[in-house]
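What follows is calculated from the coordinates using simple rules that are stated; it is not laboratory data. None of the values given here were measured: they were computed from a predicted structure. Every residue, glycine among them, receives a Cβ derived from its backbone with ideal geometry; neighbour counts consider all protein chains shown.
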Amino acid sequence: MIDTLKIYSRLKNKGIQEEAANEIAEIFNEIVNTELSTKSDIEALKISSKSDIEKLRISTKSDIEALAVSTKADIEKLKIDIEKLKIELEKKIVEIKVEILKWIAGMLIGQAALITTLMKLL
């Protein structure tokens, strides 16, 4: 709270007219009461801010925990998918090996027949 009487008296002692001194003191009073924050205003804002920060911290922690659980579940799903792909690849590799062996066996039989035919001709 501002002491308007003290401002008024000081201005009047410096030679400012009574009406002007009174108006200046009132202007100071209005500015202080409407524009400036008091200690209690600042303290209330501080308490409110602390409360908001705590709520945000709790909310953020909760969100992080939920995200961690979700991420772990996604990782497990990916591990299962990778294992399925691994099994499919191993199956394909075996199939390709069998196919290659068939071709090799066929070529060996064809080669043996060719050699046998050439030997009979010679």
Under 16 Å from the Cα of residue 61 - aspartates and glutamates, other chains or at least 8 residues apart: 52
message: Let me check I have the definition right: for the range 71-122, take the eigenvalues of the Cα gyration tensor, multiply each by 5, take square roots. What are those semi-axes in whole Å, largest first?
response: 50, 5, 4
task: Work out, step by step, the length gained on full extension between residue 53 and residue 115: first 0.36 nm times the residue separation, then minus their alpha carbon distance; give nm to one decimal.
output: 13.4 nm
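Write out the trypsin sites (Lys or Arg not before Pro) in the range 1-94 meeting two conditions: DSSP loop, and at most 12 other Cβ atoms within 10 Å of their Cβ.
Numbers: sites: 6, 10, 12, 14, 39, 46, 50, 55, 57, 61, 72, 77, 79, 84, 86, 91, 92; in loops: 14.
The qualifying sites are 14.
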query: Working out 0.36 nm times the residue gap between residue 33 and residue 45, then minus their Cα-Cα distance, what length gain in nm do you get to one decimal?
result: 2.6 nm
query: In straight Cα distance, which lysines are under 23 Å from residue 6, not counting same-chain residues fewer than 8 positions off?
result: 14, 39
